[in-house]
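For reference, the structure is listed below as structure tokens.
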Amino acid sequence: MVTKTEALVIGDVLVWEADRKYCVEEWLIENAVASEVTFVVGETLEPGTSATTQKIPCGTAANADSILLEKVTVAASSNSSLASVLIRGPAVVNGDNLDYNSQTVATVDAALLDELILVKTGPTYTADTADLS
């Protein structure tokens, strides 16, 4: 069987938001490394060099304050690119599709909740083992 893997889109991450004009803003996504980096939809973010204008991938779980809503590629060393960011709630996001950047999931989720962004995970299904014959 052939399978196809597709990149995440905004609907894979954002389940519900109260008002797009209030919850989503354009922010500069900062790259501090010496090579070009592509950031993906669902990446958790924290304040960057300029906390009022820039975001960086979450490096400290307790500092998580937003979620990237579009794929963006940023050139090397201290460059930045504009992208849509879920900056505040009320909003609900799918935790199964978030990129936690190797941070503690529960701590990131709690930090996002401080911004009224509720992280929910999908239901888990188990095989029905009942004998229906």
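Residues in the range 1-41 near a label at residue 82, defined as backbone nitrogen under 16 Å from the 7 Å Cα→Cβ point? The answer is 24-30, whose backbone nitrogens lie closer than 16 Å to the label point.
Potential lengthening of the chain between residue 73 and residue 51 amounts to 5.9 nm, from the contour at 0.36 nm per residue minus the alpha-carbon distance. Taking only Cα atoms and a 10 Å spring cutoff, compute GNM fluctuations for the chain and point out the largest among 34, 111, 83. Result: 34 has the largest fluctuation of those listed. Label sites at residue 9 and residue 36, each approximated as a point 7 angstrom past Cα along Cα to Cβ, lie 2.4 nm apart.
What per residue convex hull volume, in Å³, do the alpha-carbon atoms of the range 10-120 yield? Show your work: numbers first, answer last.
Working: hull volume 9.3 nm³, N = 111.
Once divided by residue count, the hull of the range 10-120 is 84 Å³.
Reachable aspartates and glutamates from residue 55, Cα under 12 Å, same-chain residues fewer than 8 places away excluded? Residue 55 reaches 25, 26, 30, 43, 46, 65. Sorted ascending by nearby beta carbons within 10 Å, beginning with the fewest, 17, 36 become 36, 17.
Read the figures in this text as sums done on the coordinates, not as results from a lab. Keep in mind the model is a prediction, meaning the values are calculated, not measured. When we count neighbours, we look across all protein chains shown, and the Cβ atoms used for this are built from the backbone with ideal geometry, even at glycine.
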